[in-house]
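Peer 1: Let me give you the structure first, and then I'll get to my questions.
The values are calculated or read from the model by the stated rules, or taken from the named source; none is laboratory data. Predicted model only: the values in this text are computed from it and were never measured. Methodologically, a virtual Cβ is constructed for each residue, glycine included, from the backbone with ideal geometry; neighbour enumeration extends over all protein chains shown. Side chains included, ligands, DNA and RNA excluded: accessible areas come from the protein's heavy atoms. Shrake-Rupley method; radii C 1.70, N 1.55, O 1.52, S 1.80 Å.
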Amino acid sequence: MGTSSAITLGLRANRQQFALLVAVNAFVGAMVGLERTILPLLAGDEFGVTSKAAAVSFISTFGIAKAATNLVSGHYAERFSRKTLLVIGWLVGLPVPFVLIWAPSWEWIVASNLLLGVNQGLAWSMTVNMKIDLVGPKQRGLALGLNEAAGYLAVAALAFATGIIADEYGLRPEPFYLGIAVASAGLALSVIFVKDTTRFVTLEAGGHQERTEPSSLSRIFAEATWRTPRLWGASQAGFVNNLNDGLIWGIYPLYFASKGLSLDRIAILAAAYPLLWGALQIFTGWLSDSTGRKPLIVSGMLLQGVAIWLVTTGTSFTLWCVAVGLVGVGTAMVYPTLLASVSDGVHPHQRSSVLGVYRFWRDAGAVAGALLGGLIADLLGFAAAIQAVALLTLGSGILAGLTLDVRHLRFSRSEVEA
């Protein structure tokens with residue numbers, strides 16, 4: 001392992017291990033992209049699910065499992081090896097493509113998303129924490145931009161690839177063969193090549209005058225959820241950001257299919273949003289390091305709200321591409337910046353736990369988005385569901401403007417008491 005004096009914080013100094021973690025997170029994101037185009041359509045076409053709420057139930061299951069895993073994984077990452085949790089995440093995710101291939105009923109598909117949620121909550125959380133550990137505070141936004149870009153570009157690539165394969169060969173089993181390769185590669189890289197980063201946390205913590213003792217999960221949950229305004233302001237923005245992602249994932253394919261679009265065009269729309277979201281995060285993460293977190297978060301939420309509403313006003317494939325693309329731009333402005341904002345001002349020994357609480361609320365939003373979108377769509381139609389989420393997103397952007405501060409980059413004091 002070596003001593004802390006033998007290591008250096010920074011992206012350049014740790015570029016090989018950082019690049020490896022970027023690749024690992026691309027495989028993590030690909031596991032989600034495997035489902036993004038196909039599963040909402042598979043519900044009705046192969047399993048006869050007619051209720052919109054039931055058709056998107058797999059997203060709720062996924063979101064609940066991921067949110068809960070985020071919460072505990074962040075806390076236990078302070079006590080156990082980050083690499084151990086990363087490897088466990090891949091072991092849990094390995095059966096998912098096999099279940100998707102062989103599932104005899106829709107309930108099996110829903111259950112497989114419990115495994116996928118745990119996989120994402122462990123594996124994605126650990127790649128986030130390990131990159132932050134490696135680079136230190138000065139390049140945090142850039143590091144998270146690279147991490148999230150890799151993950152969501154992979155989401156886009158697999159969403160597009162599986163849609164094209166399904167258009168040619170059918171919804172099952174051919175599209176899910178990619179998942180077997182993805183899960184196997186992610187597990188192999190994590191076991192053989194990834195190194196744990198606990199010593200980097202120790203090195204960074206040594207540069208702070210404050211001393212912290214391990215806090216209970218309940219104490220940190222309270223601080224990040226309601227006691228500290230900038231943290232709960234970020235948590236509510238993350239919640240609503242993923243609420244609209246849950247709607248886009250579950251309702252958009254059904255909405256576009258109801259408008260008569262072919263599967264290959266739905267695949268393009270399903271891929272365009274995470275493609276822009278993923279690619280632009282490298283720039284937005286870097287930008288937040290120099291200009292601050294708050295402007296990007298507030299303007300990004302407002303842009304998402306407007307763009308989501310625009311989907312219901314469009315009547316052509318071109319206009320829908322523009323609207324979906326703008327949602328991707330807005331999400332790119334928000335996603336890595338919120339993670340960096342939460343990390344700012346939190347002691348290194350508590351950062352993983354605080355991030356775990358934030359990611360719990362953020363991914364709980366996907367559950368809310370799927371349930372809310374499905375219920376409103378059943379009662380009032382697709383357009384009403386999409387417009388309701390657009391209004392919530394606009395409101396969240398305004399609330400973020402009232403609660404977030406402009407601090408970034410520098411650690412001053414921990415706002416989470418020991």
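Peer 1: What order, most packed first, do the peptides 260-269, 226-235 have when packing is the mean number of other Cβ atoms within 10 Å of each residue? Mind dumping the intermediate values first?
Peer 2: Details: 260-269: 18.4, 226-235: 20.2.
By packing density, highest mean first, the sequence is 226-235, 260-269.
Peer 1: Still on this structure: Over the chain, with a Gaussian network built from C-alpha contacts below 10 Å, which listed residue (Ile132, Ile64, Ile398) shows the highest mean-square fluctuation?
Peer 2: Top of the fluctuation ranking is Ile398.
Peer 1: When ligands, DNA and RNA are left out and all protein chains stay put, how many square angstrom of accessible area per residue does the range 279-418 have with a 1.4 Å probe?
Peer 2: Heavy-atom accessible area per residue stands at 35 Å².
Peer 1: Rg and Dmax of the chain over Cα atoms: what are they, in angstrom?
Peer 2: 20.1, 62
Peer 1: Further question: Just to make sure I understand: if all protein chains stay in place, what is the order of Asp45, Asp344 by accessible area at 1.4 Å, largest first?
Peer 2: On the way: Asp45 125, Asp344 5 Å².
Putting Asp45, Asp344 in descending order of accessible area: Asp45, Asp344.
Peer 1: Do any trypsin sites (Lys or Arg not before Pro) in the range 49-144 lie in a loop, going by DSSP, with at most 13 other beta-carbon atoms within 10 Å of their beta carbon, and if so which? Intermediate results must be reported in sequence, preceding the final value.
Peer 2: On the way: sites: Lys52, Lys66, Arg79, Arg82, Lys83, Lys131, Lys138, Arg140; in loops: Arg79, Lys138.
The qualifying sites are Arg79.
Peer 1: A follow-up question, please. Taking a probe of 1.4 Å, how large is the accessible area per residue of the range 115-190, in Å²?
Peer 2: Values: 2030 Å² over 76 residues.
Normalised by residue count, the accessible surface of the range 115-190 is 27 Å².
Peer 1: Roughly what % of Cα-Cα distances in the range 102-201 sit above 25 Å, to the whole percent? Mind showing how you got there, number by number?
Peer 2: Working: 1626 of 4950 pairs.
Summing the P(r) tail past 25 Å for the range 102-201 gives 33 percent.
Peer 1: Another question, if that's okay. Under the rule a/c < 1.5 gives rounded, and otherwise a/b versus b/c splits prolate from oblate, where does the range 218-286 land using the Cα gyration tensor?
Peer 2: Values: a/c = 4.74, a/b = 2.04, b/c = 2.33.
In terms of gyration-tensor shape, oblate.
Peer 1: Still on this structure, please answer the following. Label-point separation (nm) for Phe283 and Arg79, each offset 7 Å from Cα along Cα-to-Cβ?
Peer 2: So the label points at Phe283 and Arg79 sit 4.4 nm apart.
Peer 1: In the chain, what percent of the accessible surface is made up of carbon and sulfur (1.4 Å probe, ligands and nucleic acids excluded)? Mind dumping the intermediate values first?
Peer 2: Details: 10000 of 14990 Å².
Roughly 67 percent of what the probe reaches on the chain is carbon or sulfur.
Peer 1: What is the pair-distance distribution P(r) of the range 113-263, computed from all Cα-Cα distances in 10 Å bins starting at 0, with each bin given as a whole percent?
Peer 2: Spelled out per bin, shortest first, that is 8, 25, 34, 21, 10, 2, 0.
Peer 1: Can you tell me the accessible area per residue over the range 45-112, all protein chains present, probe 1.4 angstrom, in square angstrom? Present the calculation step by step, with values, prior to reporting the outcome.
Peer 2: Values: 2740 Å² over 68 residues.
Per-residue value: 40 Å².
Peer 1: Relative to the longest principal axis of the C-alpha atoms of the chain, give the angle of the C-alpha long axis of helix 382-403, reported between 0 and 90° and rounded to the nearest 10°.
Peer 2: 20 degrees
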